[in-house]
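Novice: Supplied in structure tokens, the structure appears directly below.
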Amino acid sequence: MAEALYRKYRPKKFSEVVGQDHITKVLEGAIEQENIGHAYLFAGSRGLGKTTIARIFAKAIGCTENDLYEIDAASHTGVDNIRELSENVYTLPFDSPYKVYIIDEVHMLSKSAFNAFLKTLEEPPKHVVFILATTETDKLPETIVSRCQTFTFKKPSRKVLTSVVSKVSKKEEFELETSAAELIALLADGSFRDALSILQKIHASSKDKKVSVDEVEEVTGAPKRKLISDYVEGTLKGEKEKALSSIASAEESGVDMRTFLTLVLDYLRAVLLLKSVASMEKDFIAQYGEDEVAQMKELTGAISPAALIAHLEASKEMRFAPIPSLPLELAVIKLIGQDDA
């Protein structure tokens, strides 16, 4: 079985970490000054490298595999699990200056487990370092957060993700079109892990090690660019039937409507920025190609912030809609109805 790309290319040292300089520089500085804290909280959405940086930090302070403990709080939620941990921290490290405990998804601990953990977290032995990782800081008791040095991980930009998947694809000896890399980055929704998982799926289905945007659309189920451009053109030009037909075609093709809407928002944003900032045209040509940018420029006279706002509202409503396409259809009718008035 092939090794997962996100594991194969997981950073092994701080210099290999991408997009989290505000965290790695502080941690490196603390190590240089021998000012190691007893508890850290790594917060941020999935796939940003929280546990990866935790492992790098543990290694950098001299912790070996024998003294590194990784605990999944989702499956160790009870007070008995924490009491066992609290007893074990007092034993000395096997062959390291520190014992490091990485507790992933720490927000999953029960209330009683948090209460049992509080004293240990506040005053652990000098040889113990806790690194708590969470995707939901708001679910943590303030008493826990206040006892940690908190680091908030940033979502990488699409440009960063595009660069990452392009470099990994090249290392895997695949030729990845720029537009294909851009689409993968968009679909990954700010997650390094998701971007590389999508890339691996595409590599596995490629017959000639040349990956086009059409292949990415086919493998991921993303809608064809033509459907997106037709939808946007219909919506902005008041062609209701064309816009609604694009939605129907996407549904018939089995396209996830959230993905469809994400790509629509991306397209609308590009049109609005082309209208507002002429100097960005070169950037968009590199991303979409000359032909598509030419189509976008034809729509700049019809675009307004209201079109983006209507679709952002649809994005919020789509999560709870019993019919996924309904918020998008309502956005079309609302916008074209306003234009008719």
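The values are calculated or read from the model by the stated rules, or taken from the named source; none is laboratory data. These numbers come from a predicted model, not from an experiment. With ideal geometry, Cβ positions are generated from the backbone for all residues, glycine too; neighbour counts draw on all protein chains shown.
Residues checked against (1) surrounded by fewer than 22 Cβ atoms within 10 Å (Cβ to Cβ); (2) of a type in the set (A, V, I, L, M); (3) under 26 Å from residue 123 (Cα atoms); (4) modelled with pLDDT of 95 or more:
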| residue | (1), (2), (3), (4) |
| --- | --- |
| 21 | yes, no, no, no |
| 28 | yes, no, yes, yes |
| 33 | yes, no, yes, no |
| 37 | yes, no, yes, no |
| 44 | yes, no, yes, no |
| 48 | no, yes, no, no |
| 53 | no, yes, yes, yes |
| 57 | no, no, yes, yes |
| 60 | yes, yes, yes, yes |
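Novice: Another question about this same structure. Given the conditions (1) without any contact (Cβ under 8 Å) to a residue 40 or more places away in the chain; (2) surrounded by 14 or more Cβ atoms within 10 Å (Cβ to Cβ); (3) closer than 20 Å to residue 178 by Cα, which single one is not true for residue 326?
Specialist: So the condition that residue 326 fails would be (3).
Novice: While we're here: Out of curiosity, is residue 241 free of Cβ contacts under 8 Å to residues at least 12 places away in the same chain, closer than 17 Å to residue 331 by Cα and outside the structural domain of residue 212 (by TED's automatic domain parsing)?
Specialist: Numbers: free of Cβ contacts under 8 Å to residues at least 12 places away in the same chain: yes; closer than 17 Å to residue 331 by Cα: yes; outside the structural domain of residue 212 (by TED's automatic domain parsing): yes.
Yes; evaluated as a whole, the condition is true for this residue.
Novice: Something else now. Just name the residue that is farthest from residue 161 (Cα to Cα) out of those in the range 16-58 that are among the charged types (D, E, K, R) and part of a helix (DSSP H, G or I).
Specialist: Filtering the range 16-58 for residues that are among the charged types (D, E, K, R) and part of a helix (DSSP H, G or I), the one farthest from residue 161 (Cα to Cα) comes out as 32.
Novice: Could you please find all residues in the range 96-143 being in contact with a Leu (Cβ under 7 Å, 6 or more places away or on another chain), in contact (Cβ under 8 Å) with a residue 60 or more places away in the chain and more than 14 Å from residue 40 (Cα to Cα)?
Specialist: Listed by number, the list is empty, since nothing qualifies.
Novice: So, one more: Being of a type in the set (A, V, I, L, M, F, W, C), out of contact with any Asp or Glu (no Cβ under 8 Å at 6 or more places or on another chain) and closer than 30 Å to residue 248 by Cβ is true for just one of 113, 188, 222, 204. Which residue is that? Working first, answer last.
Specialist: Numbers: 113 fails: closer than 30 Å to residue 248 by Cβ; 188 fails: out of contact with any Asp or Glu (no Cβ under 8 Å at 6 or more places or on another chain); 204 fails: closer than 30 Å to residue 248 by Cβ.
Testing whether each residue is of a type in the set (A, V, I, L, M, F, W, C), out of contact with any Asp or Glu (no Cβ under 8 Å at 6 or more places or on another chain) and closer than 30 Å to residue 248 by Cβ leaves just 222.
Novice: Continuing with the same structure: Of the residues that sit in the range 122-149 and are among the charged types (D, E, K, R) and surrounded by 13 or more Cβ atoms within 10 Å (Cβ to Cβ), which one is modelled with the highest pLDDT? Give the steps one after another, and end with the answer.
Specialist: Of all residues in the range 122-149, those among the charged types (D, E, K, R) come to 122-123, 126, 136, 138-139, 142, 147.
Add one more test, that the residue is surrounded by 13 or more Cβ atoms within 10 Å (Cβ to Cβ), and what stays is 122, 147.
Working: 122: 87, 147: 92.
Among residues in the range 122-149 that are among the charged types (D, E, K, R) and surrounded by 13 or more Cβ atoms within 10 Å (Cβ to Cβ), the one modelled with the highest pLDDT is 147.
Novice: Here is a further query. When you go through 300, 259, 235 one by one, which is the residue that is outside the structural domain of residue 162 (by TED's automatic domain parsing) and within 29 Å of residue 172 (Cβ to Cβ)? Break it down into steps so the answer makes sense when it comes.
Specialist: On the way: 300 fails: within 29 Å of residue 172 (Cβ to Cβ); 235 fails: within 29 Å of residue 172 (Cβ to Cβ).
Among 300, 259, 235, only 259 is outside the structural domain of residue 162 (by TED's automatic domain parsing) and within 29 Å of residue 172 (Cβ to Cβ).
Novice: Hey, another quick one. Within the range 191-202, which residues are part of a helix (DSSP H, G or I) and closer than 20 Å to residue 18 by Cβ?
Specialist: Initial filter on the range 191-202 (part of a helix (DSSP H, G or I)): 192-202.
Residues satisfying the conditions are 192, 193, 194, 195, 196, 197, 198, 199, 200.
Novice: Another question, if that's okay. Under 30 Å from residue 299 (Cα atoms) and acidic (Asp, Glu), is that true of residue 208? Spell out how you get there, then give the answer.
Specialist: Working: under 30 Å from residue 299 (Cα atoms): no; acidic (Asp, Glu): yes.
When the stated conditions are applied, residue 208 does not pass them.
Novice: Within the group 161, 199, which residue is within 22 Å of residue 45 (Cα to Cα), in contact (Cβ under 8 Å) with a residue 24 or more places away in the chain, touching a Ser or Thr at 6+ places or on another chain (Cβ under 8 Å) and not β-branched (Val, Ile, Thr)?
Specialist: Values: 161 fails: touching a Ser or Thr at 6+ places or on another chain (Cβ under 8 Å).
None of the other options fit; the residue is 199.
Novice: Has the range 64-73 got any residue that is in contact with a Gly (Cβ under 6 Å, 6 or more places away or on another chain) and either not in a loop (DSSP other than H, G, I, E, B) or not basic (Lys, Arg) (or both)? Write out each step before concluding.
Specialist: First, pick out the residues of the range 64-73 that are in contact with a Gly (Cβ under 6 Å, 6 or more places away or on another chain): none.
No, that holds for no residue.
Novice: Does the range 73-91 contain at least one residue that is surrounded by 13 or more Cβ atoms within 10 Å (Cβ to Cβ), of a type outside the set (S, T, N, Q), closer than 30 Å to residue 195 by Cβ and at pLDDT 95 or above?
Specialist: no
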